[in-house]
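Visitor: Handing you this structure, nothing more for now.
The values are calculated or read from the model by the stated rules, or taken from the named source; none is laboratory data. Worth saying up front: this structure is predicted, and the values here are computed from it rather than measured. Heads up, the Cβs are rebuilt from the backbone with ideal geometry, glycines too, and the neighbour counts pull from every protein chain shown. Ligands, DNA and RNA are excluded from the accessible area calculation, which covers all protein heavy atoms including side chains. Shrake-Rupley method; radii C 1.70, N 1.55, O 1.52, S 1.80 Å.
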Amino acid sequence: MELVFATNNTHKLTEVGAVLGPGYRLVTPRDCGVTEEIPETQPTIEGNALQKARYLYERTGRDCFADDTGLEVEALGGAPGVHSARYATDGHDFAANNRLLLKNLEGQANRRARFRTVIALIVRGEEHLFEGVVEGRIVEAPRGTEGFGYDPLFLPDGHDKTFAEMDAGEKNFVSHRGRAVRRLAEYLHSTNK
Ligand code: ITT
């Protein structure tokens, strides 16, 4: 089955492709002639995932899905949350975001955090949402070079490696996105889509 995945993030494309497996061919917006940035202007993660999927469906008429993810830090009242990509700057500057997060947690004993992903799927015009959450904590200094975004700072509960110290398979096994994509895959399999 072919699905258009509304992302420009190649790390995500690889992660999601690995979890869905060989039965699915992921197509990028660019492959369908959608070259402009897909708007993400909603105040919630769910809202952004739906906005991106609807935008792509309206442009292409093809079965598609989008994900949106936020890092929710307890001591910061859930920030950066829906603003995770643009926490420190207007762009996707991962290093600057990580520096700001560490600065904002300086001297803070409570380092509880969670990643939350919501996937919005549109198949034959029908919308479905899938969620994946992983609980953990923010370490005191970056560790590891794999993955992307806040991975060097996030230590999932029950593990002694940050996401950036895990290989892609290990991260997918426990991660927010891995969990959400497995729910998406279960749904697609159960409906033989
Ligand atoms: P697209 O919208 O093009 O898919 P994005 O990088 O903006 O890519 P999201 O909006 O889903 O992706 O995520 C917002 C930010 O949250 C992202 O820029 C990263 O900083 C962070 N993030 C998302 N998933 C992550 C992960 O698995 N590990 C670490 N950080 C992540």
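Visitor: Computing the accessible area with a 1.4 Å probe over protein heavy atoms, can you report the carbon and sulfur percentage for the chain?
Guide: It is 48 percent, rounded to a whole number.
Visitor: Between Val139 and Thr41, what is the label-point separation in nm under the 7 Å Cα-to-beta-carbon projection?
Guide: Taking the two extended label points, one gets 3.9 nm.
Visitor: When DSSP beta bridges are limited to those with both residues in the chain, what percentage is antiparallel, rounded to the nearest 5?
Guide: Percent antiparallel among DSSP bridges in the chain is about 85.
Visitor: Let me ask another. If you bin the C-alpha pair distances of segment 135-185 every 10 Å from 0, what whole percents do you get?
Guide: 28, 56, 14, 1
Visitor: Can you compute the helix-only [θ] at 222 nm over the chain? Use -39500 (n - 2.57) per DSSP H run of at least 4 residues, normalise by all residues, nearest 500 deg cm²/dmol.
Guide: Rounded to the nearest 500, the figure is -9500 deg cm²/dmol.
Visitor: Please work out whether segment 1-78 counts as rounded, prolate or oblate from its C-alpha gyration tensor, where a ≥ b ≥ c are the square roots of the eigenvalues and a/c under 1.5 means rounded, while otherwise a/b larger than b/c means prolate and anything else oblate?
Guide: The shape class here is oblate.
Visitor: Here's another thing I want to ask about it. Could you work out how much longer the chain between Phe148 and Asp31 gets when fully extended? Use 0.36 nm per residue separation minus the Cα distance between them, nm to one decimal.
Guide: Computed gain between Phe148 and Asp31 is 39.8 nm.
Visitor: Another one. Taking the Cα atoms of segment 85-193, report the difference between the largest and smallest coordinate on each principal axis, in whole Å and largest first.
Guide: Answer, in whole Å and largest first: 50, 32, 24 Å.
Visitor: Now a separate question. Which of Glu36, Glu165, Glu140 ends up with the largest GNM mean-square fluctuation for the chain, with Cα atoms connected below 10 Å?
Guide: It is Glu36.
Visitor: Within segment 1-33, which residues have the backbone N less than 18 Å from the label spot 7 Å out from Leu100 along Cα→beta-carbon, could you tell me?
Guide: Under cut-off, by backbone N: nothing.
Visitor: Same structure again: Keeping all protein chains in place, calculate the accessible area per residue for the chain (probe 1.4 angstrom), answer in Å².
Guide: Value returned for the chain: 48 Å² of accessible area per residue.
Visitor: Okay, next question. Between Thr191 and Gln108, what is the label-to-label distance in nm when each label sits 7 Å out along the Cα-to-Cβ direction?
Guide: That separation, rounded to one decimal, is 3.8 nm.
Visitor: Sticking with this one: Across the chain, how many lysine pairs separated by 8 or more positions, or lying on different chains, have Cα atoms within less than 28 Å?
Guide: 11
Visitor: Going from the alpha-carbon gyration tensor of the chain, what semi-axes, largest first and in whole Å, does one get by taking the root of 5 times each eigenvalue?
Guide: Equivalent-ellipsoid dimensions as semi-axes: 29, 18, 14 Å.
Visitor: Between 0 and 90 degrees, rounded to the nearest ten: what's the tilt of helix 94-104 against the longest Cα principal axis of the chain?
Guide: On a 0 to 90 degree scale, this one is about 40.
Visitor: Thinking of segment 32-71 as a set of Cα atoms, what percent of all their pairs are more than 11 Å apart?
Guide: 60 percent
Visitor: Give, as ranges by residue number, the residues of segment 39-70 whose backbone N falls under 18 Å from the point 7 Å along Cα→Cβ of Glu2.
Guide: 56-66
Visitor: Let me ask something else about it. For segment 62-107, what class follows from the C-alpha gyration tensor (a ≥ b ≥ c being the square roots of its eigenvalues): rounded when a/c is under 1.5, otherwise prolate if a/b is larger than b/c, else oblate?
Guide: Values: a/c = 3.71, a/b = 1.80, b/c = 2.06.
It is oblate, given that a/c is not under 1.5 and a/b is not larger than b/c.
Visitor: Is the shape of segment 85-130 rounded, prolate or oblate, going by the alpha carbon gyration tensor and its root eigenvalues a ≥ b ≥ c, with a/c under 1.5 for rounded and a/b larger than b/c for prolate?
Guide: Working: a/c = 6.08, a/b = 2.06, b/c = 2.95.
Verdict is oblate for segment 85-130.
Visitor: Same structure again: Quickly work out the Leu129-to-Asp157 label distance, labels modelled 7 Å from Cα along the C-beta direction, and quote it in nm with one decimal.
Guide: Computed distance between label sites Asp157 and Leu129 equals 2.2 nm.
Visitor: Using +1 at the C-beta of Lys and Arg and -1 at the C-beta of Asp and Glu, which of Val123, Ala96, Phe154 has the Cα lying farthest in the positive direction of the dipole of the chain?
Guide: Projecting each Cα onto the dipole axis, the largest value belongs to Val123.
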